[in-house]
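The values are calculated or read from the model by the stated rules, or taken from the named source; none is laboratory data. Fair warning: this is a prediction, and the values are worked out from it, not measured in the lab. Here the Cβ positions follow ideal geometry from the backbone for every residue, glycine too, while neighbour counts run over all protein chains shown. The accessibility values were calculated without ligands, DNA or RNA, using every heavy atom of the protein model including side chains. Shrake-Rupley method; radii C 1.70, N 1.55, O 1.52, S 1.80 Å.
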Amino acid sequence: MKIAIVGKGNVGSALAEGLHRAKHEVRFASKDPKEPIADVVIWADAVILAVPWTAHKAIAATAGNLFDGKTVVDVSNVLTPNMELAMGFTTSGAEELQKLLPKARVVKAFNTIFAQNMRDGRLKGECLTVFIAGDDSVSKETVRKIVEDIGFDCVDAGPLSSARY
């Protein structure tokens with residue numbers, strides 16, 4: 001699979017390592033002009049947004065309709081600087097991202113895993129679980145494959161609204 005990762009921080013780099021090991025093609029997009037978001041989004045089968053949730057609006061404005069029809073994986077947590085929920089329980093970052101990218105197929109995943117455990121899906125020899133939530137069954141299957149290829153167990157948590165929890 002061709003997977004674009006927007007963001008080269010701890011999360012994006014760790015996921016890229018696991019995806020490379022699983023023989024997926026990975027390209028990064030970042031703030032670096034040599035790695036424009038538009039180019040990798042067009043190229044990719046799936047896009048992982050490994051950026052803070054506060055960057056979603058700018059990314060949607062930059063890439064616009066290039067996300068249309070794409071599986072977009074939101075790994076962010078919507079937290080304040082004090083590590084409190086920034087949106088409460090009436091919506092989620094993933095649902096708000098879906099509003100910003102209405103023709104994309106947003107799936108929430110990986111947000112319950114620390115970056116240092118994203119390379120292989122294991123902690124002290126035990127397999128970790130990734131919960132996924134989304135409204136598109138084909139995209140959830142794509143993300144399930146990504147999750148399992150890295151080495152995690154995968155649990156379907158239901159519709160995108162489940163990302164609130």
(request) Among residues belonging to region 18-44 that are charged (D, E, K, R) and surrounded by 14 or more Cβ atoms within 10 Å (Cβ to Cβ), point out the one that is nearest to the chain's Cα centre (by Cα). (result) Arg27
(request) Count, please, the residues in region 72-96 that happen to be open to solvent by 20 Å² or more (accessible area, probe 1.4 Å) and in a helix (DSSP H, G or I). (result) 2
(request) Restricting attention to region 97-125, report how many residues are out of contact with any Phe, Trp or Tyr (no Cβ under 7 Å at 6 or more places or on another chain), at pLDDT below 95 and surrounded by fewer than 18 Cβ atoms within 10 Å (Cβ to Cβ). (result) 9
(message) The conditions are (1) surrounded by fewer than 24 Cβ atoms within 10 Å (Cβ to Cβ); (2) touching a strand residue (DSSP E or B) at 6+ places or on another chain (Cβ under 9 Å); (3) farther than 19 Å from Val41 by Cα; (4) of a type outside the set (S, T, N, Q), and Gly69 fails exactly one of them. Which is it?
(response) (3)
(request) Within region 1-22, track down each residue that is touching a His at 6+ places or on another chain (Cβ under 7 Å) and part of a strand (DSSP E or B). (result) Ile3
(request) Note down all Cβ pairs under 7 Å where the first residue falls in region 151-165 and is in contact (Cβ under 8 Å) with a residue 12 or more places away in the chain and farther than 24 Å from Lys99 by Cα, the second is part of a helix (DSSP H, G or I) and open to solvent by 30 Å² or more (accessible area, probe 1.4 Å), and they're at least six residues apart or on different chains. (result) Cys154/Arg144; Cys154/Glu148
(request) Spot the failing condition for Thr129; the list is (1) touching a residue at least 24 places away in the same chain (Cβ under 8 Å); (2) under 17 Å from Ser161 (Cα atoms); (3) surrounded by fewer than 21 Cβ atoms within 10 Å (Cβ to Cβ); (4) of a type in the set (Ser, Thr, Tyr), and only one is missed. (result) (2)
(message) What's the number of the only condition in (1) more than 15 Å from the chain's Cα centre (by Cα); (2) in a loop (DSSP other than H, G, I, E, B); (3) of a type in the set (Lys, Arg) that Arg119 fails to meet?
(response) (1)
(request) Filter region 42-64 for residues that are at pLDDT below 95 and under 22 Å from Ala133 (Cα atoms) and give the result. (result) Val51, Pro52, Trp53, Thr54, Ala55, His56, Lys57, Ile59, Ala60
(request) Hey, can you tell me all the residues within region 122-165 that are within 20 Å of Val78 (Cβ to Cβ) and outside any strand (DSSP E or B)? (result) Asp135, Val143, Ala157, Gly158, Pro159, Leu160, Ser161, Ser162, Ala163, Arg164, Tyr165
